[in-house]
1. Check segment 398-406 and report whether any residue there is open to solvent by less than 10 Å² (accessible area, probe 1.4 Å), in contact with a strand residue (DSSP E or B) (Cβ under 6 Å, 6 or more places away or on another chain) and over 21 Å from Ile309 (Cβ atoms).
2. Residues of segment 409-421 being open to solvent by less than 10 Å² (accessible area, probe 1.4 Å) and of a type outside the set (Asp, Glu), which ones?
3. If you take the residues of segment 290-307 that are of a type in the set (Lys, Arg) and more than 15 Å from Ser235 (Cβ to Cβ), which of them is most open to solvent (accessible area, probe 1.4 Å)?
4. Could you run through segment 368-388 and say how many residues are among the polar types (S, T, N, Q) and either within 23 Å of Asn290 (Cβ to Cβ) or open to solvent by less than 40 Å² (accessible area, probe 1.4 Å) (or both)?
5. State yes or no: is Thr193 β-branched (Val, Ile, Thr) and surrounded by fewer than 16 Cβ atoms within 10 Å (Cβ to Cβ)?
6. Could you tell me how many of the residues in segment 218-230 are farther than 13 Å from Val276 by Cβ and surrounded by 14 or more Cβ atoms within 10 Å (Cβ to Cβ)?
7. Would you tally the residues in segment 72-102 being open to solvent by 80 Å² or more (accessible area, probe 1.4 Å), touching a residue at least 12 places away in the same chain (Cβ under 8 Å) and of a type in the set (Lys, Arg)?
8. In segment 231-259, how many residues are among the hydroxyl-bearing types (Ser, Thr, Tyr) and over 25 Å from Pro275 (Cα atoms)?
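The values are calculated or read from the model by the stated rules, or taken from the named source; none is laboratory data. Just so it is clear, the model here is predicted, and its values are computed rather than measured. Heads up, the Cβs are rebuilt from the backbone with ideal geometry, glycines too, and the neighbour counts pull from every protein chain shown. Only protein heavy atoms, including side chains, enter the accessible area calculation; ligands, DNA and RNA are left aside. Shrake-Rupley method; radii C 1.70, N 1.55, O 1.52, S 1.80 Å.
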Amino acid sequence: MPRFLSLSFLVFFFLNTNIVPAQDLNTFDLNGGWKFRQGGAKEWSPAKVPGVVHLDLLRNNMIPDPYMRDNETKLQWIGETGWEYMKTFRFDEKNLAWKHIDLVSKGLDTYANVYLNDSLVLVADNMFREWYVDIKRFLHTGTNTLRIQFPAIIPENSARYSKLPNKLPGDEKVVNRKAAYHFGWDWGPKLVTCGIWRPIYIREWNEARVLGVQFIQKKLDDSAASLSAEFTLFSDPGDSADVRIFLDSTEVLRKPFNLNKGLNLIRGDFSIKNPVRWWPNGLGDPYLYNIRYEVYFNGRIAAEGRQKIGLRTIKLVQEKDSTGKTFYFKVNGSPVFIKGANYIPQDNFVPRVTDSAYRALIRDAKQANMNMLRVWGGGIYENDIFYDLCDENGIMVWQDFMFACAMYPGNKEFLDNVRNEAIQNIVRLRRHPCIALWCGNNEIDEGWKNWGCRNNTDIIPGFGCDLQKLPDDLQYDSARQCKTIRYDTGIHFHISFTRLGPS
């Protein structure tokens, strides 16, 4: 089998201590005061961050509403040209006194060159990753200029695709790590965005920093829940640390540690008596515990944060039976009848989706008696609020990795990029009791096995279907590229052909 990336059902866990997110204690916000322009232009216009270029163009009355009439076709030039964002900010001697100063970008869409005071400090190429870089040596007192160039996505994709040894089904978009639906889908328009789509800020710290916290459920029964708190810390000097954990307002753990210089992984155990379980909607209360943690270094607080955790067991049951193999979930030992829907991004321009829109959507899902949403692999790893609301409302999540209806490159550079993407998002989302399963992709296994992708030498546009391999009772519609009719089958696959014979 060629080295194409073709993931299937996965449930796995990564720990990469270089990219574990935590709640940063000392930050300098960079979200306001931006302006933007088209590459090569002289004039700047006001921009909103987080955001994307289409919203800035629309806000400045430079384009019509992309959703109106046939405006989509008139706005394809936006993805074919480069864009540039800039802001200035002041830093004083007090700010520069910090030993470490990092630029943290929660999301850059997609190819981006980041300059600070005209020095290139970061090159990004993945919309789904967080990016950070030490910038202290590039800063100075007074006014500093941060500038981000976004090269034209469509020409960059074409250049990268032309260098592949094989022409992969899925077209040129497969070479970049960007939401696939931005390039158009059977349910939505092609609007190729770019921009600073998630928050951006400066992080300041001295001798030690907490990179991440994980609460691991080791045992759960009616009498007690046994948990471990695992902290990943970076320490400049080898010294001592003190960790404190509170359950609501009650201290449940206080433990000193000796740290080595560099990365440290420390763990402390605690228990919860007579635990209350988290249940899916319709089966019980989705109970959440409030956890607060503090980390002290040499007697000074180095990190603090809050999390909500849910105690539950969940298992995907796949056992042989008379017709093949079962496929159902058990939560807290009880089989669950899944009632749910396929979830796609709520807007082509995700930054304008409000918290109230998220609340309304999850409320509607709960009131419709759903207990699971599948986050589709052609969209995004959703914002934190989506998973928080699913936790609070008992909505389980079938989480796809962001691969859909295509074959992807298998070179080391691409796979390393994807590996970091997977690590970051698994670590970000693993605290949520709503996460029921990680699925490798949307329909790639289906395409590989049934759409002729592995047998085809002349790739047909779209999914690379091989006409010679289709059963006689399947009709191919070349104008719609193998997507004659789409049937949603709950939280899993889409069926992409019209069957002429009896169903």
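1. Looking through segment 398-406, at least one residue is open to solvent by less than 10 Å² (accessible area, probe 1.4 Å), in contact with a strand residue (DSSP E or B) (Cβ under 6 Å, 6 or more places away or on another chain) and over 21 Å from Ile309 (Cβ atoms).
2. The answer is Pro409, and nothing else.
3. Arg306
4. Summing the residues that are among the polar types (S, T, N, Q) and either within 23 Å of Asn290 (Cβ to Cβ) or open to solvent by less than 40 Å² (accessible area, probe 1.4 Å) (or both) in segment 368-388 gives 2.
5. no
6. Residues flagged as farther than 13 Å from Val276 by Cβ and surrounded by 14 or more Cβ atoms within 10 Å (Cβ to Cβ) within segment 218-230 amount to 5.
7. 2
8. 3
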